[in-house]
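Asker: Please see the structure below; I have some questions.
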Amino acid sequence: MANVYTELKTPTTGAYKQPTGLFINNEFVEGVEKKTFEVINPATEEVICSVHEATEADVDIAVKAARDAFEGPWRQVTPQQRGNLLLKLADLIEKNLELLASVESLDNGKSITMARGDVGAVAGCIRYYGGWADKIEGKTIDIAPDMFHYTRLEPIGVCGQIIPWNFPLLMLGWKIGPALATGNTIVLKTAEQTPLSGLVFAQFVKEAGFPPGVLNIISGFGKTAGAAISSHMDIDKVAFTGSTVVGRTIMKAAAASNLKKVTLELGGKSPNIVFNDADIEQTISWVNFGIYFNHGQCCCAGSRIYVQSGIYDKFVAAFKKRAEQNKVGDPFHPETFQGPQVSQLQYDRIMGYIESGKQEGATVETGGARHGDKGYFIQPTIFTNVRPEMKIMQEEIFGPVCAIAKFDTEEEVLQMAHDTIYGLASAVHTKDLNTAIRVANSLRAGTVWVNCYNLLSHQLPFGGYAQSGIGRELGEEALANYTQHKSVAIRLGGPLFG
Amino acid sequence: MEVDLTAPNGRKWAQPLGLFINNEFVKSSNEQKLASINPTTEEEICSVYAATSDDIDTAVAAARKAFRDPSWKSLSGTERGALMLKLADLVSQHAETLATIECLDNGKPYTTALTENVPEVVNVFRYYGGYADKNFGQVIDVGPAKFAYTVKEPLGVCGQIIPWNYPLDMAAWKLGPALCCGNTVVLKLAEQTPLSMLYLANLIKEAGFPPGVVNIINGYGREAGAALVQHPQVDKIAFTGSTATGKEIMKLASATMKNITLETGGKSPLIVFEDADLDLAATWSHIGIMSNQGQICTATSRILVHENIYDKFTEKFKAKIQQLSVLGDPFEKTTFQGPQVTKQQYERVLSYINIGKEEGATLFLGGEAAPQKGKGFFIAPTVFTNVKTTMKIYREEIFGPCAAVASFKTEEEAIEMANDSTYGLGAALFTKDLNRAHRVAREIEAGMVWINSSNDADFRVPFGGVKQSGIGRELGEAGLAPYCNVKAIHVNMAA
């Protein structure tokens, strides 16, 4: 029997059984080349364990399993039964919430409180798509009395899904929900930084009763397993969440191989706009959450803050005070808000941007250095006196670092907000009814928050304009990523031509 | 407020007897009761409290209060849906008891109740539970000067009156969309079948619905039903039952201009074309009129057969009935057909059979009462042939195991005969010809058409009638519209 499990411990669960194999055909297996890689605890910098690594050969095996399932047993499962399996899975996630959250905190470094929130959201998302499964309808279209026209929405087939490390379980839920509800099968690659929670989750997929091969979850690296997925000739669609740079690579590989359908959810440099009439106290709490939530590791983080000149000084002073109140520390401490960044690489990258900000002449209002001396912790950081062309204003930092700039008029701030290659999210803080709607309608971003930030729902579509992505996740819209239309035209009359 | 019952299959349960208001069972205001008769034995099962108009006031007030209370009003669609999913799970866990009560009270076979009716309830609650957070409004772009959007709002307190032929299913069809859309409900059960939904009421409380959201009462149509339909604090009435009562309700509701949906009677035609697969047609013709003791609103009770295959078809139809329609105690596994629901219905069906004989139709099969062990409201499955379209048994809804078979020569004649009715609920047609199937389906005046089957409804597909078979649709996504108000909101952006 292959060594595909190990025993681990967390402060909240005590000892638990951690699968380490590749989850293919409802079983955990070793990789063909028997490679493994280490998983690091970002709070302690120590190795947690090793997991099996999927290489190109393993991707082939997983794709075959998904293809066989798609052509065989999964086709026989009715939409209602698909929905019921997802509802069952959602119940199992809720039942095992503490375990999943604990593994997430251990591997990713997010606080246990935030992790519990994430897992609750995963269950909600899966339950939501479970409810969609038997409500995906085509149309009949009345064109002529001697014809009968109708459309069907059919699954695409085998879907490759590549997810990031910032919300390992939530990103998994967002991907599998709509894909399974619509009848596809999946090969999902988790991020190499955070492979553990997906493997624990995989056990519940089998327990819920999904047939083997419908959902395959593999650990591996982007350059090997991820590349193999993007260029695979028998994968019909690839969905990716991650950096814009990698998104481009995936799109190129998809085009070069079999023109598989592509949806991408990429980076952002989202503007957070505060007007003079905003409620300062409430706004501060949202702006703080907007950048420091998940340690700044959010694609939609409000990292560029624009404050109208009338309240600028007051705002900066109050926000600095608020930022310094964020509790940074041990993810398993119940009061912790901000844990460590996910890896050494990310830590170095963020510190590099902080250096660049200082060198380009921006002012550090607070933070700007490491927190503590062990673990990848960074102090919540604020830059002011920024110029739009600075690196810290143009490039995605993906850490607890924001920049604040001043503006005078609505026209001016819209121009400043749009000075970016991205368009994922944005926010407007104001009490004025019309300003809120008018500015929301003008912003070129996939999500606009008014008087809040980072509030997502499985019911509301999410995705980017411009180089922040292609397609929308969540809500009814996500179903379109995983279905294709077939038009059927039945002639009820005789011949038209001689 | 409850009595311990034991059914012939050995199952025991505590049967609630009260009016279910605010998640509690209470007596009627004057302690009046109505008796529930077991149609197999003709004996009384028990008596339940019957609502007076004062009790209707109490129930409606509870529903109105609950509608405004944050415990229901402030729930998100997802949370409402979660309650409904929980209820579906509980119904599934209590399947055997619910099926037992249904069989005892209504007379339908236990196996049918367990394998069809209870699962239907589970499916409908789960389906509409899944819709609760997927009922969208629109944003309509009319230009920058206006931000226009619509929201779907619940109507308020819904009075729902259901019949006795599918006590559990009909309750689910009504509660599902109403609760999904955020309404509160006063559900009046049929006086012939008051028991099964009282048991289910306990599961509603257990699932976590706040008090007053669902109120379930028994009572007489003329008293409790009429009070509900006229009550000024009820925002909407939904009724399933006879066309005659439906018209009464429409009249009563007009005084306060209530929003109403009605699902009433039918005399649905089943057309067998010359090229039909006759075995298939016979199988479904049997299902279409002999299931549920013929007590189906969509029963395909008028069978129109092409003259060239008339004799061949009627022989196969007869053989199917003789093979499958085993009369007996509904608790026996072999029973296909139980008793009619009450003495009144039994006598009504028998009188139509006599009329058929008097009108000169040929009695091809059955035609008389068929007591089991000397008891029960059983009627032999009956078929009349050589039926003329002027006959009463051809035009009027019998609501029993009695089919009228007529013949036709051409497709045009079949369509004309099919449409020659004040009803328009269901219809069925049998043919192998692709063109004919879709073409004729479009020509028939009915809310539903089955091609090569009959009475093959599905909770995801809209259900309802045209003409005097009803107003509005139930089931599927279409079932949501009758339970929402579309509110349009205009924000002036030019201000």
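Asker: Going through the range A:51-78 one residue at a time, which ones are farther than 30 Å from A:Q193 by Cα and either among the small types (G, A, S) or part of a loop (DSSP other than H, G, I, E, B) (or both)?
Answerer: A:G72, A:V77, A:T78
Conditions tested, residue by residue: (1) surrounded by fewer than 21 Cβ atoms within 10 Å (Cβ to Cβ); (2) assigned to a helix (DSSP H, G or I).
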| site | (1), (2) |
| --- | --- |
| B:V3 | yes, no |
| B:F20 | no, no |
| B:S28 | no, no |
| B:E31 | yes, no |
| B:T41 | yes, no |
| B:E44 | yes, no |
| B:S47 | yes, no |
| B:V60 | no, yes |
| B:A66 | no, yes |
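Asker: Do you know which residues across the range A:357-378 are crowded, with 21+ Cβ neighbours inside 10 Å and either out of contact with any helix residue (DSSP H, G or I) (no Cβ under 6 Å at 6 or more places or on another chain) or among the hydrophobic types (A, V, I, L, M, F, W, C) (or both)?
Answerer: Within the range A:357-378, A:A362, A:G367, A:G375, A:F377, A:I378 meet the criteria.
Asker: Let me ask something additional. Looking at B:R460, B:R439 in this structure, which one is more than 15 Å from B:G266 (Cβ to Cβ) and assigned to a loop (DSSP other than H, G, I, E, B)?
Answerer: Every option except B:R460 fails the conditions.
Asker: Run down B:K236, B:K152, B:K188 and say which single residue is under 25 Å from B:S76 (Cβ atoms), within 19 Å of the chain's Cα centre (by Cα) and among the basic types (K, R).
Answerer: Exactly one residue qualifies, and that residue is B:K236.
Asker: Sort out for me the strands (runs of 3 or more DSSP E) sitting completely within the range A:322-436 that have 3 or more residues that are among the β-branched types (V, I, T).
Answerer: The qualifying strands (runs of 3 or more DSSP E) are A:363-366, A:381-384.
Asker: Across the range B:112-139, which residue is farthest from the other protein chains (Cβ to nearest Cβ) among those that are of a type in the set (A, V, I, L, M) and farther than 21 Å from B:L480 by Cα?
Answerer: Residue satisfying both the conditions and the ranking: B:A113.
Asker: Within the range B:430-443, can one find any residue that is modelled with pLDDT of 95 or more, crowded, with 18+ Cβ neighbours inside 10 Å and among the polar types (S, T, N, Q)?
Answerer: Within the range B:430-443 (the criterion being modelled with pLDDT of 95 or more, crowded, with 18+ Cβ neighbours inside 10 Å and among the polar types (S, T, N, Q)), the answer is yes, since at least one residue qualifies.
Asker: Can you pull out the residues in the range B:416-440 that are over 27 Å from B:D169 (Cα atoms) and either free of Cβ contacts under 8 Å to residues at least 40 places away in the same chain or of a type in the set (F, W, Y) (or both)?
Answerer: Of everything in the range B:416-440, those that are over 27 Å from B:D169 (Cα atoms) and either free of Cβ contacts under 8 Å to residues at least 40 places away in the same chain or of a type in the set (F, W, Y) (or both) turn out to be B:E416, B:N419, B:D420, B:F430, B:L434, B:N435, B:A437, B:H438, B:R439.
Asker: Moving on to the next point. Against the condition outside any helix (DSSP H, G or I) and either modelled with pLDDT of 95 or more or within 19 Å of A:V328 (Cα to Cα) (or both), how does A:K110 come out, does it pass?
Answerer: Against the criterion (outside any helix (DSSP H, G or I) and either modelled with pLDDT of 95 or more or within 19 Å of A:V328 (Cα to Cα) (or both)), A:K110 qualifies.
Asker: I would also like to ask the following. Run down A:A253, A:A301, A:A239, A:A225 and say which single residue is assigned to a helix (DSSP H, G or I) and crowded, with 24+ Cβ neighbours inside 10 Å.
Answerer: Only one candidate passes the filter, namely A:A225.
Asker: Also, I was wondering about something else. Is one or more of the residues making up the range B:343-357 under 23 Å from the mean Cα position of the chain (by Cα), modelled with pLDDT of 95 or more and polar (S, T, N, Q)?
Answerer: The answer is yes; a qualifying residue exists.
Asker: While we're here: I'd like the full set of residues that are farther than 15 Å from B:S291 by Cβ and part of a helix (DSSP H, G or I), limited to the range B:324-348.
Answerer: Within the range B:324-348, B:K343, B:Q344, B:Q345, B:Y346, B:E347, B:R348 meet the criteria.
Asker: Moving on. Just to verify a result, which residue in the range B:68-84, among those that are over 21 Å from the mean Cα position of the chain (by Cα) and either within 18 Å of B:K174 (Cβ to Cβ) or charged (D, E, K, R) (or both), is surrounded by the most Cβ atoms within 10 Å (Cβ to Cβ)?
Answerer: The residue in question is B:G81.
Asker: Can you spot a residue in the range A:179-190 that is within 20 Å of A:I93 (Cα to Cα), assigned to a loop (DSSP other than H, G, I, E, B) and not basic (K, R)?
Answerer: yes
Asker: Among the listed residues A:A66, A:A90, A:A101, identify the single one that is away from chain B (no Cβ under 14 Å), farther than 17 Å from A:I186 by Cα and surrounded by 24 or more Cβ atoms within 10 Å (Cβ to Cβ).
Answerer: A:A101
Asker: Take residues that are more than 22 Å from B:E474 (Cα to Cα) and tell me which of the helices (runs of 4 or more DSSP H) falling wholly in the range B:148-231 contain 2 or more.
Answerer: Where helices (runs of 4 or more DSSP H) fall fully within the range B:148-231 and carry at least 2 residues being more than 22 Å from B:E474 (Cα to Cα), they are B:196-207, B:226-230.
Asker: How many residues, within the range B:200-242, are surrounded by fewer than 21 Cβ atoms within 10 Å (Cβ to Cβ) and in contact with a helix residue (DSSP H, G or I) (Cβ under 8 Å, 6 or more places away or on another chain)?
Answerer: Residues flagged as surrounded by fewer than 21 Cβ atoms within 10 Å (Cβ to Cβ) and in contact with a helix residue (DSSP H, G or I) (Cβ under 8 Å, 6 or more places away or on another chain) within the range B:200-242 amount to 11.
Asker: A further question on this structure: Being within 15 Å of A:L86 (Cβ to Cβ), charged (D, E, K, R) and buried (at least 24 other Cβ atoms within 10 Å of the Cβ) is the requirement here; does A:K206 meet it?
Answerer: no
Asker: Same structure again: Tell me which residues, restricted to the range B:359-377, are in contact with a helix residue (DSSP H, G or I) (Cβ under 6 Å, 6 or more places away or on another chain) and either in a loop (DSSP other than H, G, I, E, B) or crowded, with 22+ Cβ neighbours inside 10 Å (or both).
Answerer: Matches in the range B:359-377: B:G367, B:F377.
Asker: Give me the residue from the range B:467-495 that is among the β-branched types (V, I, T) and more than 16 Å from the chain's Cα centre (by Cα) and, out of that set, farthest from the other protein chains (Cβ to nearest Cβ).
Answerer: Checked the range B:467-495; the qualifying residue farthest from the other protein chains (Cβ to nearest Cβ) is B:V486.
Asker: Here's another thing I want to ask about it. Select, from A:A123, A:A57, the only residue that is modelled with pLDDT of 95 or more and surrounded by fewer than 17 Cβ atoms within 10 Å (Cβ to Cβ).
Answerer: Of A:A123, A:A57, the one residue that is modelled with pLDDT of 95 or more and surrounded by fewer than 17 Cβ atoms within 10 Å (Cβ to Cβ) is A:A57.
Asker: Got a number for residues in the range B:378-427 being part of a helix (DSSP H, G or I) and under 22 Å from the mean Cα position of the chain (by Cα)?
Answerer: Residues in the range B:378-427 being part of a helix (DSSP H, G or I) and under 22 Å from the mean Cα position of the chain (by Cα): 1 in total.
Asker: Okay, moving on. Mind listing whichever residues of the range A:140-159 are touching a Ser or Thr at 6+ places or on another chain (Cβ under 9 Å) and more than 12 Å from chain B (Cβ to nearest Cβ)?
Answerer: A:I141, A:T151, A:R152, A:L153, A:E154, A:P155, A:I156, A:G157, A:V158, A:C159
Asker: Could you tell me which residue of the range B:472-495 is farthest from A:T435 (Cα to Cα), considering only residues that are part of a strand (DSSP E or B) and charged (D, E, K, R)?
Answerer: Selected residue: B:E474.
Asker: Let me ask you something else. Within the range A:446-493, how many residues are within 14 Å of chain B (Cβ to nearest Cβ) and under 16 Å from A:G302 (Cα atoms)?
Answerer: Residues flagged as within 14 Å of chain B (Cβ to nearest Cβ) and under 16 Å from A:G302 (Cα atoms) within the range A:446-493 amount to 4.
Asker: Now, a different point. What's the number of the only condition in (1) buried (at least 17 other Cβ atoms within 10 Å of the Cβ); (2) closer than 18 Å to B:T78 by Cα; (3) within 13 Å of another protein chain (Cβ to nearest Cβ) that A:R82 fails to meet?
Answerer: (2)
Asker: On the given criteria, is B:A406 touching a Pro at 6+ places or on another chain (Cβ under 7 Å), of a type in the set (A, V, I, L, M), away from chain A (no Cβ under 14 Å) and on the phi < 0 side of the Ramachandran plot?
Answerer: No; evaluated as a whole, the condition is false for this residue.
Asker: List the number of the failed condition for A:D408; all other conditions in (1) away from chain B (no Cβ under 14 Å); (2) under 25 Å from the mean Cα position of the chain (by Cα); (3) in contact (Cβ under 8 Å) with a residue 12 or more places away in the chain hold.
Answerer: Result: A:D408 passes all but (2).
The values are calculated or read from the model by the stated rules, or taken from the named source; none is laboratory data. Quantities reported herein were computed from a predicted structural model and do not represent experimental measurements. Every residue, glycine as well, gets a Cβ built from its backbone with ideal geometry; the counts of neighbours run over all protein chains shown.
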